[in-house]
Amino acid sequence: MAEATVNGVRLVYEQRGEGTPLLMICGTGQTAAMWELGNLLTTIQDAGCSVATFDNRGIPPSECPEPPWTTGDMADDAIALIEHLEIGPCHLLGASLGANITQTVALKRPDLVRSAIFQVGGGNFTLAARLMLEGHLELMNQGIELPKALGQATMLDSALTAAQRQDDATVEQILEVTAGLTSSFGPGGQQGQTGANVAWSKEDHLAELADMSVPCLVLAAEHDVFFPPANLKRVAETIPDARYVEIPGSAHITTDPAGAKVITDAVREFLSSQ
């Protein structure tokens, strides 16, 4: 692991492999180590890419500046890291909040971006997701620590379909697997990243995608309550050069091997064509 202070924030990063560079950008609460789950890292390297990963601001061991901050601030972090590593133009792959960051980087600095992959993010949140995020942020802004059970309930909405949530054994299994996503924040990190999501959810981020100048892959999950297929189809339709792939049977967080294979197959095919 290495670190760099970029855009005024100390970020911890790692580089591996050889080939065309690709920067992976984490979602809310996600640590860079979580990219190790599944075969996505291997797939990217097999497609002839080197990989750079980093922990976003708010996720130790990267720095946790005092909130609030915005998705734009986090995009500026990524831009500065690309410049520091001298890997531009590079491919970008972002998940959820990371996809929103990817969108912002690609629109702001297309000279640094070869292509962009939006995994369950980009464009606009649903109204239901916005209201949930606003409620969480309001509690944190009042200095109230979110109850563990509330964080777990939100995680279940992210990782399970409505049918899966009816099975207690499945619920217990997923809570164990995703525990890191509810405990990975540094001081102020959850408030900062949630605030970035809330600010994004209050704005229209669909129309701007008509100005996207790099090829994009849009990955949607069939049962995603945050960025559902209807929203991400509009994202793909608005981007001048975009491919759309849907992950059947999956919620916002894909936890089953079949869904993971849909992702890796789509990413491999897309990168191989760039």
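Determine whether Pro89 is free of Cβ contacts under 8 Å to residues at least 40 places away in the same chain, over 25 Å from Ser183 (Cβ atoms) and not aliphatic (A, V, I, L, M). Yes: the conditions hold for Pro89.
Segment 70-158 holds helices (runs of 4 or more DSSP H) entirely within its bounds, and those carrying 1 or more residues that are surrounded by 20 or more Cβ atoms within 10 Å (Cβ to Cβ) and of a type in the set (Val, Ile, Thr) map to 71-85, 97-108. What is the number of the single condition among (1) in contact with a strand residue (DSSP E or B) (Cβ under 7 Å, 6 or more places away or on another chain); (2) under 20 Å from Val171 (Cβ atoms); (3) in contact (Cβ under 8 Å) with a residue 40 or more places away in the chain that Gly259 does not meet? Exception for Gly259: condition (3). Going through Leu146, Leu112, Leu131 one at a time, which residue ends up being at pLDDT below 95 and more than 18 Å from the chain's Cα centre (by Cα)? When all the criteria are applied, what remains is Leu146. Checked against (1) under 16 Å from the mean Cα position of the chain (by Cα); (2) touching a residue at least 40 places away in the same chain (Cβ under 8 Å), Leu37 passes all but condition (2).
For segment 16-46, residues that are at positive phi and either in contact with a strand residue (DSSP E or B) (Cβ under 7 Å, 6 or more places away or on another chain) or basic (Lys, Arg) (or both) total 2. Looking at segment 166-274, the helices (runs of 4 or more DSSP H) lying wholly inside it that each contain 2 or more residues that are modelled with pLDDT of 95 or more, under 25 Å from Met74 (Cβ atoms) and within 18 Å of the chain's Cα centre (by Cα) sit at 189-201, 229-238, 257-272.
The values are calculated or read from the model by the stated rules, or taken from the named source; none is laboratory data. The structure displayed is predicted, hence computed values, not measured ones. Positions of Cβ are generated from backbone atoms using ideal geometry, with glycine treated the same way; all protein chains shown enter the neighbour counts.
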